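See below for the structure under consideration.
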Amino acid sequence: MSDWTHGYDVSIGYTHGFYSAMAPASLDLCIELAGYVPPRRDPAAPFRYLELGAGQGFGLCLLAAAYPQAEFVGVDFHPEHIAHADELVRDAGLTNIRFVEADFLDLAAAWPADFGKFDYVALHGIYSWVPGNVREAVVQCLSHATRPGAVVYNAYNSHPGWLGSMPFQHVALRLKQTNPKSGAAVLDDTIGLFERLAASDAALFKVMPGLKSRIETMKGQNRTYQVQEYLNESWNLFWHSEVAAELRRAKLDYIGTATIGETQLPDLLAAPMQEIIAGQADAGLRQDLQDILINQTFRRDIFCRGPRRSTTKDFRRTTQLHLVAAPAVDEAVVVKTAFGTRTIAYAACAEIFAALATGPKSIEQLALLPGVGKHGWAALTRTLTLLLQARILAVGAEQPDDSAAHRLNAAIAQAGSRGAPYRHIVAPRLGSAVAVKDFDLLLIDSWLEASGQADAAALGKGVVQRMTRMGQRIYDGDTPLKGAAAEQRIAGAVTAFLDDRLPYWRKIGALA
């Protein structure tokens, strides 16, 4: 493996993912919930955003289109990633974003003058996948990049939850180093080997009872992601206190989590757990113990250069919440979190859902609802953060111009109709993106090609043409559908698009 890779597997490009916790609107809310001042006090004000390790650049392009008033810079050392990102920028006509091929070691030694300082800096996963000297360079880059008051989003694999994957990662890397197979083939072999180990009653599976189900989950995961995750020569797990100590060298202090549901910890834990955490004087140890109590696997930490405590609760008035997908009436809301599954009775949220069904509302407006306000701010905050965690609600972001989002979504749909593995479109009025399926992109592309004038029959025909061009078929589970059955499935999807998805996507600014 050539030196420029620093032990990182570059045999295949990274996934084209999007992580909503990286969105400025979401980060700002988490920061305000933690009691600190965010980088932006005016949502319409310009700002600068840097992503270190931007991968394919897809996620950063989504944010750039959602925030046309801002400037975005993405850095990655993999030329394949930068080539893809540059092409997407050109196809969408984005003017507020650029990508740079660079090594963190070089940037740490000589920070480019035209980079300047940023309000937000994001790293997703990179901190866990680079060797120590590169990680030191990353910290130096953060020191160069952050202005006073700026925040850093750093997401990384954490102790103790990832410990169960260490044996698998070790064996997978050894297999890669000792045979010429592709990364995907190596992972298939590793999964098969661990299934045989489990069948042979290996003692490891007794001391790690969750390993068997973890291996089963891996069988269905994206191999592109797994190659990047497990086949790197540097694969590191961290305690929060270790990361906090390293970033402190860049004058960065921990101020909270970017995982919205975890902003309410430790208050949502059982009383004995809260007592254990509260009994520790050291803030870093409190976080480490919290991670032990919930078996944390992945942290999304927010650090700030010069954190200031907020003296107001203005965010209750300024933060707009949108209803994304209300559950069926009387259906309990089930929220999956790192600290377990939480269930909220529908009745406890019904008034909130009814109010938001008429349009976005501020947290303050929701607190004025008769059945909501009587329970107090703390109860309302817990409920709203869990609903945000479940993606039933979303944070709003008022944008005067959706044109960049429309251009990018058109480019995404067109590329998706040629087989590109994109699964998100920009939602500028949420300051974020929403998930879509590959079939949705075929429908969007067909609809846009007809300038939004196609009827159901024309849309269905357009979808069939695109599927034929890519050699795709309609399936019911694993069974391919033919003739009338396939036509009926497509007709149903077209109806759902016209009646449900299209109106919603228009409402959030994704489509005109």
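The values are calculated or read from the model by the stated rules, or taken from the named source; none is laboratory data. Since we're looking at a predicted model, the values are computed, not measured. Positions of Cβ are backbone-derived with ideal geometry, glycine not excepted, and every protein chain shown enters the neighbour counts.
Does the stretch 57-68 include one or more residues that are aromatic (Phe, Trp, Tyr) and within 17 Å of Ala427 (Cβ to Cβ)?
yes
Is it fair to say Pro272 is more than 30 Å from Leu187 (Cα to Cα), surrounded by 15 or more Cβ atoms within 10 Å (Cβ to Cβ) and either under 23 Å from the mean Cα position of the chain (by Cα) or not small (Gly, Ala, Ser) (or both)?
Taking the combined requirement at face value, the residue does not satisfy it.
Which members of the stretch 292-316 meet the condition of being part of a helix (DSSP H, G or I) and either surrounded by 22 or more Cβ atoms within 10 Å (Cβ to Cβ) or basic (Lys, Arg) (or both)?
The one that is part of a helix (DSSP H, G or I) and either surrounded by 22 or more Cβ atoms within 10 Å (Cβ to Cβ) or basic (Lys, Arg) (or both): Arg316.
Quick one: in the stretch 326-348, which of the residues that are surrounded by 15 or more Cβ atoms within 10 Å (Cβ to Cβ) and without any contact (Cβ under 8 Å) to a residue 40 or more places away in the chain is farthest from Arg391 (Cα to Cα)?
Ala348
Give me the residue from the stretch 386-421 that is buried (at least 21 other Cβ atoms within 10 Å of the Cβ) and under 16 Å from Ser446 (Cα atoms) and, out of that set, farthest from the chain's Cα centre (by Cα).
That would be Ser417.
Among the residues of the stretch 275-291 satisfying the criterion of being buried (at least 16 other Cβ atoms within 10 Å of the Cβ) and among the charged types (D, E, K, R), which is nearest to His240 (Cα to Cα)?
Asp288
Given the criterion within 25 Å of Phe303 (Cα to Cα) and basic (Lys, Arg), identify the matching residue among Lys176, Lys251.
Exactly one residue qualifies, and that residue is Lys251.
Give the stretch 11-51 a look and list any residue that's over 15 Å from the mean Cα position of the chain (by Cα) and closer than 20 Å to Ala137 by Cα, or say none.
Tyr49, Leu50 - these are the residues of the stretch 11-51 that are over 15 Å from the mean Cα position of the chain (by Cα) and closer than 20 Å to Ala137 by Cα.
State which residue is nearest to Ile292 (Cα to Cα) when the search covers only the stretch 164-195 and only residues that are part of a helix (DSSP H, G or I) and hydroxyl-bearing (Ser, Thr, Tyr).
If we take residues in the stretch 164-195 being part of a helix (DSSP H, G or I) and hydroxyl-bearing (Ser, Thr, Tyr), then Ser165 is nearest to Ile292 (Cα to Cα).
Which fully enclosed helices (runs of 4 or more DSSP H) of the stretch 196-259 have 2 or more residues being more than 20 Å from Val130 (Cβ to Cβ) and outside the structural domain of Val151 (by TED's automatic domain parsing)?
Once the helices (runs of 4 or more DSSP H) in the stretch 196-259 are filtered for at least 2 residues that are more than 20 Å from Val130 (Cβ to Cβ) and outside the structural domain of Val151 (by TED's automatic domain parsing), what remains is 204-207, 211-219.
Just for the stretch 409-423: of the residues that are touching a helix residue (DSSP H, G or I) at 6+ places or on another chain (Cβ under 6 Å) and not aliphatic (A, V, I, L, M), which one is farthest from Arg506 (Cα to Cα)?
Only one residue fits best here, namely Gly419.
Go through the stretch 69-83 and give me each residue that's crowded, with 19+ Cβ neighbours inside 10 Å and either farther than 15 Å from Ser11 by Cα or among the hydrophobic types (A, V, I, L, M, F, W, C) (or both).
Correct list: Ala70, Phe72, Val73, Gly74, Val75, Asp76, Phe77, Ile82.
Output the qualifying pairs, or none if there are none: Cβ atoms under 6 angstrom, residues six or more apart or on different chains, first residue in the stretch 494-512 and without any contact (Cβ under 8 Å) to a residue 60 or more places away in the chain and within 17 Å of Phe439 (Cα to Cα), second residue of a type in the set (A, V, I, L, M, F, W, C) and surrounded by fewer than 23 Cβ atoms within 10 Å (Cβ to Cβ).
Going by the 6 Å Cβ cut-off, the qualifying pairs are Val494/Ala456.
Restricting attention to the stretch 197-256, which residues are among the basic types (Lys, Arg), free of Cβ contacts under 8 Å to residues at least 60 places away in the same chain and closer than 28 Å to Trp4 by Cβ?
Across the stretch 197-256, the qualifying residue is only Arg223.
With respect to the numbered conditions (1) over 16 Å from Ala70 (Cβ atoms); (2) not assigned by TED's automatic domain parsing to the domain that holds Ile363, which one is the sole condition not fulfilled by Leu408?
(1)
For (1) of a type in the set (D, E, K, R); (2) within 14 Å of Ala413 (Cα to Cα); (3) free of Cβ contacts under 8 Å to residues at least 60 places away in the same chain, each residue gets a yes or a no:
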| residue | (1), (2), (3) |
| --- | --- |
| Asp445 | yes, yes, yes |
| Gln453 | no, no, yes |
| Met467 | no, yes, yes |
| Ala491 | no, no, yes |
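Does Val464 meet the test of being over 30 Å from Ala23 (Cβ atoms), hydrophobic (A, V, I, L, M, F, W, C) and touching a Gly at 6+ places or on another chain (Cβ under 7 Å)?
No; evaluated as a whole, the condition is false for this residue.
Search the stretch 169-199 for residues being closer than 18 Å to Tyr14 by Cβ and among the polar types (S, T, N, Q), and hand back the single one that is surrounded by the most Cβ atoms within 10 Å (Cβ to Cβ).
For the stretch 169-199, the residue satisfying everything is Gln169.
Please enumerate the residues belonging to the stretch 145-163 that are touching a helix residue (DSSP H, G or I) at 6+ places or on another chain (Cβ under 8 Å) and buried (at least 17 other Cβ atoms within 10 Å of the Cβ).
Val151, Val152, Tyr153, Asn154, Ala155, Tyr156, Asn157, Ser158, His159, Gly161
Filter the stretch 143-163 down to the residues that are in a helix (DSSP H, G or I) and either farther than 30 Å from Lys212 by Cα or of a type outside the set (Gly, Ala, Ser) (or both) and list them by number.
Once the filter is applied, which keeps residues that are in a helix (DSSP H, G or I) and either farther than 30 Å from Lys212 by Cα or of a type outside the set (Gly, Ala, Ser) (or both), the stretch 143-163 yields Ser143, His144, Ala145, Trp162, Leu163.
With (1) in contact with a strand residue (DSSP E or B) (Cβ under 7 Å, 6 or more places away or on another chain); (2) at pLDDT below 95 as the list, and Thr259 as the residue in question, which single condition is left unmet?
Going through the list (1) in contact with a strand residue (DSSP E or B) (Cβ under 7 Å, 6 or more places away or on another chain); (2) at pLDDT below 95, Thr259 breaks only (2).
In the stretch 51-142, which strands (runs of 3 or more DSSP E) lie fully inside it and hold 2 or more residues that are without any contact (Cβ under 8 Å) to a residue 60 or more places away in the chain and β-branched (Val, Ile, Thr)?
So the answer is 71-76, 97-101.
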